[in-house]
Amino acid sequence: ASDVYKRQLLEANKEAAKYFYTLLRSERGSRAHEYFKNRGLSEKTLQKFGLGYSDKYSDDLYRYLRTKGYEDELLKDSGLVSIDEQRGGYDKFWNRAMFPIMDVRGKVIGFGGRVMGEGEPKYLNSPETPVFDKSRNLYGLNFARTARQDNIILCEGYMDVIAMHQAGFTQAVASLGTAFTSGQANLLRRYTENVILSYDSDGAGVKAALRAIGILKEAGLSTRVIDMKP
């Protein structure tokens with residue numbers, strides 16, 4: 001994709017992020033707002049991470065972005081919308097608590113969304129797009145890279161990263177809904193030599209941690225694991 005087109009995609013993402021952000025603070029977003037509050041997040045933290053809400057109507061964002069002049073083709077490429085011959089345009093994310101994903105420069109490149117209530121999948125992430133390469137970015141790195149710590153803490157999920165930052169550990173990051181990659185390890189190496197793994201101490205968490213340790217070692221990073229028990 002050309003640079004001009006990529007810029008337009010980033011603009012559409014930014015527009016979507018602002019819309020979700022505004023919705024969270026409206027009557028319609030009260031359930032998601034409640035969810036974030038119950039997870040112990042402060043208003044300041046919601047603001048810092050630009051957290052939001054996608055409405056329960058399945059073409060809400062689509063219609064909004066159309067009024068802003070975005071064409072179907074671009075919206076489809078942004079990963080925000082699916083276009084269907086029968087149904088027309090409908091949103092990828094609806095009725096979800098929204099986590100904008102930013103690159104190191106703080107530009108919104110994609111989203112993660114947690115469903116409100118029952119629904120599958122529980123967590124949904126943007127697909128790969130011309131501006132969103134999951135293996136080359138890390139959630140929270142836009143903040144962590146300026147944290148001035150001699151380590152970076154690697155967590156499993158977005159919510160873990162946000163809770164860490166709120167508790168003062170602003171060097172926390174997470175991979176983007178996929179397993180940790182060597183591309184992400186090389187990215188970390190630009191900012192630190194020491195990585196501390198903070199994964200769940202359950203079976204899956206331990207397995208993921210062991211995998212990540214191998215990848216980090218290969219990239220020449222020194223690794224330690226936080227034991228979460230008890």
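What to note about this one:
- Qualifying residue in the stretch 216-225 (condition: touching a Lys or Arg at 6+ places or on another chain (Cβ under 8 Å), part of a strand (DSSP E or B) and without any contact (Cβ under 8 Å) to a residue 60 or more places away in the chain): yes
- Within the stretch 163-195, the set of residues being among the aliphatic types (A, V, I, L, M) and free of Cβ contacts under 8 Å to residues at least 24 places away in the same chain comprises just one member, Ala167.
- Filtered residues of the stretch 1-15 (kept if without any contact (Cβ under 8 Å) to a residue 40 or more places away in the chain and assigned to a helix (DSSP H, G or I)): Asp3, Val4, Arg7, Glu11
- Of the strands (runs of 3 or more DSSP E) contained entirely in the stretch 68-176, those carrying at least 1 residues that are surrounded by fewer than 18 Cβ atoms within 10 Å (Cβ to Cβ) fall at 81-84, 88-91, 108-115, 123-125.
- For Val195: the one exception among (1) under 23 Å from Glu128 (Cα atoms); (2) among the β-branched types (Val, Ile, Thr); (3) not in a helix (DSSP H, G or I): (1)
- Hits in the stretch 198-214 (condition: open to solvent by less than 30 Å² (accessible area, probe 1.4 Å), not in a loop (DSSP other than H, G, I, E, B) and not polar (S, T, N, Q)): Gly205, Ala209, Ala212
The values are calculated or read from the model by the stated rules, or taken from the named source; none is laboratory data. Please read these numbers as outputs of a predicted model, since none were measured by experiment. Here the Cβ is made from the backbone with ideal geometry for all residues, glycine too, and neighbour counts use every protein chain on show. To get the accessible areas, we keep the full protein, side chains included, count just its heavy atoms, and leave off ligands, DNA and RNA. Shrake-Rupley method; radii C 1.70, N 1.55, O 1.52, S 1.80 Å.
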